[in-house]
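Read the structure below first, then the notes.
The values are calculated or read from the model by the stated rules, or taken from the named source; none is laboratory data. Just so it is clear, the structure is predicted and the values come from calculations on it, not from any experiment. Cβ: placed from backbone, ideal geometry, glycine included. Neighbour counts: every protein chain shown.
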Amino acid sequence: MKRDTSPTTAFQPAAPRGIVEGLVYVFERVMPDPFMLSICLTFFVAVLALLIAPTGNLPTLLDSWYTGTFGILAFALQMILILATGYAIAEAPIVQRGLRALAASAQTPARAALLVFPVVAIAAWLNWGLGLIVGALLSREIARRVHVDFAWLVAGSYSAWSICNSGLSSSIALSQAPHGNALNLVEKATGHVVPLSDTIFAPFVFIPTVLVVVVMTAIFIRMHPKSENVVAFCDTGDDASDASSADPHARPSDAPASFASRLEQSMLGTLLLLALGVGYLAMEWRENKFALDINTTILIFLLIGLALQRTPIAYANAIRRAARQTGSMLLQYPVYGGIMGIMKGTGLASMIAKAFVTIASPLSLPLWSYLSSLIITLLVPSAGGHWAVQGPFVLPAALSLHASVPRTAMGVAMAENVSNMLQPFWAVPIVAIAGIRIQRVMGYTAVTFAVSLVIYAAALWFVG
């Protein structure tokens, strides 16, 4: 019947019988653990920098690695908070009931795909952290009810999530929209900001975003393994909804009501934080017009999560459970920060970007920016950190060639969507929550990589 797909299970893949099965087979046998992969990438980039980078000497490399490793910590905390606050929203009782109700309507693999793709894509467009969590939890709920291949289902969720860098939590779009953002390279160079209407709401961005979701839904329906090859979800009963019962911070239900417990269960603390947060946003947006950046996005999702969880202790417990899923990110962010430091400090990133820029024209620069971003993303899988590496080279090129600045910047972001389907960094939280080996998932998302690669490139070239 159902076979265990947990990360600790030694699953032996069957011999491949088709292209997709072959990809899954190869990824399971070749791809190491994501942390080990990040170490291998560090070694690869370091050797490459020593061999060909403009300032690829050992002292510069070591200093750049150290600076990048610890220079990314503030940004890493912002990203982890986005994930944690998104988790707290997705785990709220009312949202959980909604996910269970949605999952009940998925009675076949085809219906599961038709449900997962739009729901996860909308959540990811609103907030990438929310999309990751909704995708993992919805996949678990569906897999409890439907005989479906769990790796295929989680890969579908991750593929739907891939559009997040074209949405409201896009680090690149958000950093160019407000005044004074440290990564607003456009404002630093021109004195002007790039409104969201020119980036995530522009036709060349939202048309391919919708198209990727629609096309990949149809493709995933056809990719589902035959019934005899399905590896179903094994419910161990240790998901987030049961975690609270084992929470060491939870008070026994029969314990006498103390002042501390009454305070924890009171909504007063929640109302106080809501008043502060809503008051600040109202004041800020009244004075400076509506704008979103990373910090305000975190604040908004913090406030929504507090309102949905209702009491401070419920929200604190949700964040504690979220923290269990962010451990791998805490481990990998400094490693990728070191890679980013090496690429930037030795000039390796500038070599890659300039190699594409030198052959670009005003019309083709966004596409070359996109293609160079595909390479850099595999080594620096963080949109904000990636923009800090690539932005200083593609932006001056756009200004000198009089190319479209929004299109050039979003070419970098759209390539993030594509490369994430081969780079496992962002898949780690979703597979940890879902409880499955990442290698089986990446075998399916390699197909998403190939399809979305073409769709986004065509949009940059043809869509106005």
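Out of Arg407, Arg440, which single residue is closer than 26 Å to Leu331 by Cα, over 15 Å from the mean Cα position of the chain (by Cα) and crowded, with 23+ Cβ neighbours inside 10 Å? Reasoning before the result, please.
Values: Arg407 fails: closer than 26 Å to Leu331 by Cα.
Arg440 is the lone residue from the list that is closer than 26 Å to Leu331 by Cα, over 15 Å from the mean Cα position of the chain (by Cα) and crowded, with 23+ Cβ neighbours inside 10 Å.
If you scan the stretch 81-93, which residues turn out to be part of a helix (DSSP H, G or I) and surrounded by 16 or more Cβ atoms within 10 Å (Cβ to Cβ)?
Within the stretch 81-93, Leu81, Ile82, Leu83, Ala84, Thr85, Gly86, Tyr87, Ala88, Ile89, Ala90 qualify.
Looking at the stretch 148-160 only, could you name the residues that are part of a helix (DSSP H, G or I) and farther than 19 Å from Val451 by Cβ?
Within the stretch 148-160, just Phe150 meets the criteria.
Residues Pro424, Pro381, Pro429: which one is touching a residue at least 12 places away in the same chain (Cβ under 8 Å), surrounded by 20 or more Cβ atoms within 10 Å (Cβ to Cβ), under 27 Å from Leu73 (Cα atoms) and touching a Phe, Trp or Tyr at 6+ places or on another chain (Cβ under 6 Å)?
Pro381
Anything in the stretch 19-44 that is of a type in the set (A, V, I, L, M), modelled with pLDDT of 70 or more and more than 22 Å from the chain's Cα centre (by Cα)? List them, or say none.
Ile19, Leu23, Val26, Val30, listed by residue number.
Tell me the residue from Ile142, Ile122, Ile163, Ile172 that is in a helix (DSSP H, G or I), free of Cβ contacts under 8 Å to residues at least 40 places away in the same chain, under 20 Å from Val210 (Cβ atoms) and of a type in the set (Val, Ile, Thr), please.
After ruling out the rest, the residue left standing is Ile122.
When both residues are 6+ apart or on different chains and their Cβ atoms are under 6 Å apart, which pairs have a first residue that lies in the stretch 195-208 and is within 16 Å of Trp461 (Cα to Cα), and a second that is part of a helix (DSSP H, G or I) and at pLDDT below 90?
Taking only residues 6 or more apart or on different chains, the pairs are Thr199/Ala173.
Quickly run through the stretch 45-74 and pick out the residues that are of a type in the set (Ser, Thr, Tyr) and outside any helix (DSSP H, G or I).
Residue satisfying the conditions is Thr55 alone.
Determine whether the stretch 289-302 contains at least one residue that is loosely packed, with under 13 Cβ neighbours inside 10 Å and either over 30 Å from Ile39 (Cβ atoms) or of a type in the set (Asp, Glu) (or both).
Looking for residues that are loosely packed, with under 13 Cβ neighbours inside 10 Å and either over 30 Å from Ile39 (Cβ atoms) or of a type in the set (Asp, Glu) (or both), one finds at least one in the stretch 289-302, hence yes.
Of the numbered conditions (1) modelled with pLDDT under 80; (2) surrounded by fewer than 24 Cβ atoms within 10 Å (Cβ to Cβ), Val389 fails exactly one; give the number of that condition.
(2)
Take the stretch 145-160 and flag every residue that is under 25 Å from Met79 (Cβ atoms) and touching a residue at least 60 places away in the same chain (Cβ under 8 Å). Explain how you work it out, then say what you get.
Initial filter on the stretch 145-160 (under 25 Å from Met79 (Cβ atoms)): 154-160.
Within the stretch 145-160, Val154, Ala155, Gly156, Ser157, Tyr158, Ser159 meet the criteria.
Quick one: which residue in Gln107, Gln96, Gln78 is outside any helix (DSSP H, G or I) and in contact (Cβ under 8 Å) with a residue 24 or more places away in the chain?
Gln107
Picking from Ile342, Ile352, Ile319, which residue would you name as being farther than 24 Å from Leu73 by Cα and β-branched (Val, Ile, Thr)?
Ile352
Please verify whether the stretch 45-60 includes one or more residues that are under 23 Å from the mean Cα position of the chain (by Cα) and either on the phi > 0 side of the Ramachandran plot or surrounded by fewer than 18 Cβ atoms within 10 Å (Cβ to Cβ) (or both).
So far as the stretch 45-60 goes, no, none of its residues is under 23 Å from the mean Cα position of the chain (by Cα) and either on the phi > 0 side of the Ramachandran plot or surrounded by fewer than 18 Cβ atoms within 10 Å (Cβ to Cβ) (or both).
Which numbered condition in (1) touching a helix residue (DSSP H, G or I) at 6+ places or on another chain (Cβ under 6 Å); (2) assigned to a helix (DSSP H, G or I); (3) over 26 Å from Lys344 (Cβ atoms); (4) not small (Gly, Ala, Ser) is the only one that Ile436 fails?
Answer for Ile436: the failing condition is (2).
Scan Gln309, Gln332 and give me the residue that is in contact (Cβ under 8 Å) with a residue 60 or more places away in the chain and within 18 Å of the chain's Cα centre (by Cα).
Gln332
Could you check the stretch 306-383 for helices (runs of 4 or more DSSP H) lying wholly inside it with 3 or more residues that are within 30 Å of Arg262 (Cα to Cα) and of a type in the set (D, E, K, R)? Give the steps one after another, and end with the answer.
Values: elements: 312-325, 327-345, 348-357, 365-379.
Per the criteria, 312-325.
Quick check on the stretch 443-464: of everything there that is part of a helix (DSSP H, G or I), farther than 20 Å from Ile219 by Cα and in contact (Cβ under 8 Å) with a residue 40 or more places away in the chain, which residue is nearest to the chain's Cα centre (by Cα)?
Among them, the one singled out is Leu460.
Taking Arg324, is it under 20 Å from the mean Cα position of the chain (by Cα), surrounded by fewer than 17 Cβ atoms within 10 Å (Cβ to Cβ) and charged (D, E, K, R)?
yes
Looking only at the stretch 169-205, count how many residues are of a type outside the set (Gly, Ala, Ser), under 17 Å from the mean Cα position of the chain (by Cα) and modelled with pLDDT under 85. Don't jump to the end; show me each part of the working.
Initial filter on the stretch 169-205 (of a type outside the set (Gly, Ala, Ser)): 172, 174, 176, 178-179, 181, 183-188, 190, 192-196, 198-201, 203-205.
Next, from what is left, pick out any that are under 17 Å from the mean Cα position of the chain (by Cα): 172, 174, 200.
Within this subset, residues satisfying the condition of being modelled with pLDDT under 85 are 174.
Going through the stretch 169-205 one residue at a time, the tally reaches 1.
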